[in-house]
Structure formats: structure tokens, C-alpha cells
Amino acid sequence: MLIGICEDDAPIRGVLLQALKLSGHEVVSAHDGSEALRLFGADSGVDVLIMDIGLPDSDGRDVTRALRSAGQSAPVVFLTALGAVHDRLSGFSAGGDDYVPKPFDVKELIARVEAMGRRGRPSVRPLAGLTLDPAAHSVRTAAGEVLLTPTEFRMLAAITSRPGEVVRRRTVVAAAWPDGAVVSENTIDSFIRRVRTKLESVSSPVTIETVRGVGFRLT
């Protein structure tokens, strides 16, 4: 398989590169989120991604959301020192498929990666004309770029990563707020209105439609 690694710690990255190659896999590596977005797009051909969460320029979960919005459907294994339950849940909400806390056993990690690769994921249609930047928490179109708050970014990414689907409100909340947070319907709608306004300010080719009683989808 072709495995993508995004890990800023050079010794850990080196160990993973060597172990995966010895296991017969090809490997492409990135050291931060920006490089990961450049190397691991939908047309990169990677079968599985190993994504560190604590990257120097962005949160690996936000990078994963941006990759999903760009059409990358490869399984993602999060690799991180954050091992609490709420951290693991936020990783799954961001589009991750597995979660391995540091320190880890290399053989176990490779076994998990290979299992993810065998399972695969359905293809995702890339979002045309809209690019999410997890480092800047911004969205770009042909008309310009607009900054979002981290909460706005994660709400938008939760919806854009599933083009054509109705994304339930609880999914959007799980992506944007810590596990267990109590978020009112009015708060959700207020944030969505703000995101719509910002999308309109850069002439976005898509907007967010509210599906009453269910959630949101792109139109």
C-alpha cells in the first residue's frame, strides 16, 4: 500500500518510515499540515493516512476535515499524545477511522494501518470551487478568502466533507464543540448564519441549506 504520514517529530517520523518500508509499503511523509494538504489530496493515491494531531501549524483533525472536503477518502489513523476519551471522540468526529495514543507499539500501529487499508472507504466527490485552510481557519474561493473562527471552520468542514448528504445537527455539534457540551438550537443556527454570510462575502459556489428537523447540506 501507499501510506501517507504527517508527523512533525522527526525521530518518530523516521521510525514509521523505516518500519512501514520494511513491511513492504511505499511511504510519503509530511512534517506539517500545509505539506499534508499539498501531498495527500484526492489524487495522491494514498491508501491510508497516519495523521499526528499536534502539528506545528494546525490541528491534525482540522487538516483531516480539509482533506475530506477536498475529496480524500483514505482511512485516517490519528497518532497523538492526547489519549483522553473526549480527544478520541473528537478525532472520530473529524473523520478519523482509528486513534493510536503515544507512546505506541510500532508493530501494533502497522497492523492497524494494514487493517484500515484492507477495509478502504467509499470515494468522496471533491468540493469544487471551495478550499478550506486548517492553518488559517479560512475558506478560499476564486473571489477571495475569508477568515472563520475555529468553531465556524469545524462546522463548515463537517458539512463540506459530506457533499450531497444531509449532515445531522448532532454531527455538526460533535465536530465543533467538546464532547458533552450543551449547545442550544439557537446557537447552532446563529453560527450557521454567520458561516453563510462569510461564504456569500467571497461569492461561494455553494451555500448551506437547513433541512428542518434534521440538519444541513450543501446546495
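The values are calculated or read from the model by the stated rules, or taken from the named source; none is laboratory data. Predicted, not measured: the structure shown is a model, and the values here were computed from it. Glycine gets a Cβ as well: all are built from the backbone with ideal geometry, and neighbour counts include every protein chain shown.
Brief remarks on what is shown
- Test: Val146 is surrounded by fewer than 20 Cβ atoms within 10 Å (Cβ to Cβ), assigned to a strand (DSSP E or B) and without any contact (Cβ under 8 Å) to a residue 60 or more places away in the chain: yes
Here is a yes/no grid of residues against (1) within 19 Å of Val146 (Cβ to Cβ); (2) in contact (Cβ under 8 Å) with a residue 12 or more places away in the chain; (3) touching a Cys at 6+ places or on another chain (Cβ under 8 Å); (4) of a type in the set (Phe, Trp, Tyr):
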| position | (1), (2), (3), (4) |
| --- | --- |
| Gly164 | no, yes, no, no |
| Arg169 | no, yes, no, no |
| Val173 | no, yes, no, no |
| Trp177 | no, yes, no, yes |
| Ala181 | no, no, no, no |
| Ser190 | yes, no, no, no |
| Ile208 | yes, yes, no, no |
| Val211 | no, yes, no, no |
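- Among residues of the stretch 53-73 that are closer than 16 Å to Leu130 by Cα, those with a Cβ under 9 angstrom from a residue that is of a type in the set (Val, Ile, Thr) and assigned to a strand (DSSP E or B), sequence gap 6+ or separate chain, pair up as Thr64/Val76; Ala66/Thr131; Leu67/Val76; Arg68/Val76; Ser69/Thr131; Ala70/Thr131.
Conditions (1) in a loop (DSSP other than H, G, I, E, B); (2) within 23 Å of Ala176 (Cβ to Cβ); (3) modelled with pLDDT under 85; (4) not assigned by TED's automatic domain parsing to the domain that holds Leu39, marked per residue:
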site: Ala66; (1), (2), (3), (4): no, yes, no, no
site: Ser90; (1), (2), (3), (4): no, yes, yes, no
site: Ala111; (1), (2), (3), (4): no, no, no, no
site: Val124; (1), (2), (3), (4): yes, yes, yes, yes
site: Val139; (1), (2), (3), (4): no, yes, no, yes
site: Met155; (1), (2), (3), (4): no, yes, no, yes
